[in-house]
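The values are calculated or read from the model by the stated rules, or taken from the named source; none is laboratory data. Please read all numbers here as calculations on a predicted model, not as lab measurements. Cβ: placed from backbone, ideal geometry, glycine included. Neighbour counts: every protein chain shown. Side chains included, ligands, DNA and RNA excluded: accessible areas come from the protein's heavy atoms. Shrake-Rupley method; radii C 1.70, N 1.55, O 1.52, S 1.80 Å.
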Amino acid sequence: GNVYIGPKVSTAFNNDIEYSVGGASEIDIQGGNLYVNGQIRRNPLNAGGILKYSQSGGTVTVRGQSQNGTNAKLEVLNTGSTFNMSGGSLQILRGNGIFRTASSPFGDLYPRPETGSVTGGEIIFSDGAVAGDQNYFLDATIPLNNLTVSVAGAADSATVRLLTSPLT
């Protein structure tokens, strides 16, 4: 099945999944599609969010519409957080356009959990058919399995830039 956080196609709203500091927040994708029009992130006023993210199948699409400038499009960090991926695809749409500096201190994808592993599946940075060059920003403290960068137009380019941690 499909789960839509906000409309599938909307340029006006962010429609985020915001997780809490209590440690009970979990996202477990085993199949189907999860469309998030905005971000999967902590509360911008509290640095202490905890998320247990697990994906063994299906597709998660994070569109990053009207992105909050203090959080990544998808961020999993802090003590108690986990990021496990063994299958499926995780798509981060739209980078920071032509700008070569991150739109937030955490970039677009920020998997820095207490524990985690990526043994399968595919992480995709895609322009989502938005014309023009795209710059994405990534910081991961866990090894990533299969990373793809794609663009829709032949004249477009896409670059993933690392914030702090080396890419493993």
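The modelled label-to-label distance for the pair Phe99/Asp156, using points 7 Å beyond Cα in the direction of Cβ, is 1.8 nm. Look at the dipole of the chain built from charges on Cβ: of Gly31, Gly57, Gly95, the Cα furthest out on the positive end belongs to Gly95.
When the alpha carbon gyration tensor of the range 108-151 is reduced to an equivalent ellipsoid, the three semi-axes, largest first, read 23, 12, 6 Å.
Using only the alpha-carbon atoms of the range 45-168 as identical scatterers, what base-10 log of I(q)/I(0) does the Debye formula give at q = 0.17, 0.20 Å⁻¹? Taken in order of the listed q values, log10 I(q)/I(0) reads -0.83, -1.16.
Viscosity 1.567 mPa s, temperature 4 °C: give me the Stokes-Einstein translational D for the range 1-54 in µm²/s, with Rh taken as the Kirkwood radius over C-alpha pairs. After rounding, the answer is 107 µm²/s. In sequence order, the range 130-142 has phi-based couplings of 7, 5, x, 6, 10, 10, 10, 10, 9, 9, 10, 9, 10 Hz under the Karplus curve 6.51 cos²θ - 1.76 cosθ + 1.60, θ = phi - 60°, and Gly or Pro positions carry x. For the pair Ala24 and Thr164, the difference between a 0.36 nm per residue extended length and the Cα-Cα distance amounts to 47.6 nm. When the trypsin sites (Lys or Arg not before Pro) in the range 56-128 are filtered for DSSP coil states and for at most 13 other beta-carbon atoms within 10 Å of their beta-carbon, the remaining sites are Arg100.
At a probe radius of 1.4 angstrom, the accessible area of the chain per residue rounds to 44 square angstrom.
Close amide-amide hydrogen proximity is noted between Asn78 and Glu114, each under 5 Å apart and 5 or more residues distant or on a separate chain (H modeled in the peptide plane; Pro and chain starts excluded). In the range 91-168, what percent of the accessible surface is made up of carbon and sulfur (1.4 Å probe, ligands and nucleic acids excluded)? Carbon and sulfur together cover 52 percent of it.
Relative contact order for the range 1-102 using alpha-carbon pairs under 8 Å, separation at least 6, rounded to a whole percent? Here the relative contact order equals 27 percent. When +1 charges are put on Lys and Arg Cβ atoms and -1 charges on Asp and Glu Cβ atoms, the dipole computed for the chain relative to its Cα centre reaches about 160 debye.
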